[in-house]
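Remarks on the structure that follows.
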There are 2 protein chains.
Amino acid sequence: MTLPRQHSERHAEKLVRREKIESKNFKNIIRDMGMKVTDQRLLILEALTAGRAHVTAQEVFEVVVEKDASIGFATVYRFLRKLTESGFVNEVRMGGLAARYEMSSQVHHDHLTCTHCGKICEFENHDIEKLQESVAKQFGYQLTGHVLELYGLCRDCQKKST
Amino acid sequence: MTLPRQHSERHAEKLVRREKIESKNFKNIIRDMGMKVTDQRLLILEALTAGRAHVTAQEVFEVVVEKDASIGFATVYRFLRKLTESGFVNEVRMGGLAARYEMSSQVHHDHLTCTHCGKICEFENHDIEKLQESVAKQFGYQLTGHVLELYGLCRDCQKKST
DNA sequence: ATTGATATTGATAATTATTCTCAATTAGTA
DNA sequence: TACTAATTGAGAATAATTATCAATATCAAT
């Protein structure tokens, strides 16, 4: 299947422009962290943004090594840690499994999961967040993050189980 | 400091009685799991109940090895896993740190964990629980459970990292 | 552009927590 | 008491992550 030439050219142009913009943003992210901009770091950020969310360090490494066969996984681990510490990336850990990473979205949310069908609703509740802060303060902790997962039966599954 | 003889005798009696009762309960827990009762397993349960909550496998091992120098840490790990799978024990994991274990209590509580040293505080906040209920209701869910883990820097680690 | 101080890199060793293996021992039962 | 299957301890194996260090690349100042 071929597209009309004009269309395809415009498409290519757009891609190039977008790549430049992203690259610029990536560079700014790295500079914001007070670090030097390197090809390896740009590739890692690209992999995190382009691929699916919740990837392991190994998965990031496998994507990046395609474009730069000489990269070492220590570099990936190192940079992921820095990104996590700076808050640009979220680290999610489950059991004893490898940590998974995702670009932190600006929009914070928690999850409400149906224990029967697995449907997930995202929600955000400012009052809960404030109470969490106050609990942490009460114990002398400086809050840096939280995991709140609610489990229940969704409307559909409540009907079915009756 | 010495106590009046009578008192001290009664005290000793109580201790013995309690030990027997606990030992019986421990045996029942093990039998409920369909496993054989061994001295090692009784000692592990004793350590989990007597010591402070939220201990690592290594910490359990260190307590138990005092009473039975020949025990291997594989035995501790193995049994802790079984206890966790059977729900008699709760496993709490934070970051890449060692898992921590506690006897599952009837009293519900959430955790506030230090991301630096792994120290865990338990808390209970009725307001948060009520808000969770209302979020669930809002989405038409019938709430059955939740996980709330707060992460932060404890007072000590805040000082150290300055 | 060249240089130089310093950060970064890749390879590999080290570490940490946990699990696996297996021969010897032990608990529960017949 | 003897048998059978579960359990044990020691140490090897694994898996994820971090530390080490000499070689290289970045960036700021010239």
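Read-outs throughout are calculated quantities, based only on the coordinates presented, and are distinct from any laboratory measurement. Because the structure is predicted, anything quoted here is derived from the model rather than measured. Please note: Cβ atoms are built from the backbone with ideal geometry, for glycine as well, and neighbour counts cover all protein chains shown.
Listed values, structure above:
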| item | result |
| --- | --- |
| 7 Å along Cα→Cβ, label-point gaps from A:E66 to other copies, nm, shortest first | 5.6 |
| Net charge dipole size for region A:121-162 [Lys, Arg +1 and Asp, Glu -1 on Cβ; Debye, nearest 20] | 220 debye |
| Shielding by partners - mean other protein chain Cβ count within 10 Å, residues of A:147-157 | 6 |
| Copy-to-copy label separations for B:F88, where each label sits 7 Å from Cα toward Cβ, in nm and ascending | 4.9 |
| Long-range amide H partners of A:S104 with built H, under 5 Å | A:V89, A:N90 |
| Under 5 Å, built H, 5+ apart or other chain: amide partners of B:V55 | B:Y101 |
| Translational D in µm²/s for region B:107-162 (Stokes-Einstein at 37 °C, 0.692 mPa s, Kirkwood Rh from C-alpha pairs) | 251 µm²/s |
| Hypothetical label at A:R93: residues of region A:113-147 whose amide nitrogen lies under 14 Å (7 Å Cα-Cβ projection) | A:145-147 |
| Karplus 3J(HN,Hα) series, Hz, for region A:30-46 with 6.51 cos²θ - 1.76 cosθ + 1.60 (x for Gly, Pro) | 5, 5, 4, 7, x, 10, 7, 7, 10, 4, 4, 5, 4, 5, 5, 5, 4 |
| Only Lys, Arg (+1) and Asp, Glu (-1) charged, at Cβ; region B:47-149 dipole about Cα centre in debye | 260 debye |
| Inter-copy label distances at B:G145 (7 Å, Cα→Cβ; nm, one decimal) | 2.3 |
| Environment charge of A:L80, counting only residues whose C-beta is closer than 14 Å and scoring Lys/Arg +1, Asp/Glu -1 | 0 |
| Radius of gyration and maximum dimension Dmax of region B:54-162, Cα, Å | 17.3, 56 |
| Shielding score for B:84-93, defined as the mean number of other chain Cβ atoms within 10 Å | 1 |
| Length added when fully stretched, A:T115-A:H54, from 0.36 nm per residue minus Cα-Cα | 19.8 nm |
| In Hz, Karplus ³J(HN,Hα) per residue of region B:69-77 (6.51, -1.76, 1.60; θ = phi - 60°; x = Gly, Pro) | 4, 8, 5, x, 6, 4, 4, 5, 4 |
| Test item: A:28-34 mean partner chain Cβ contacts at 10 Å | 0 |
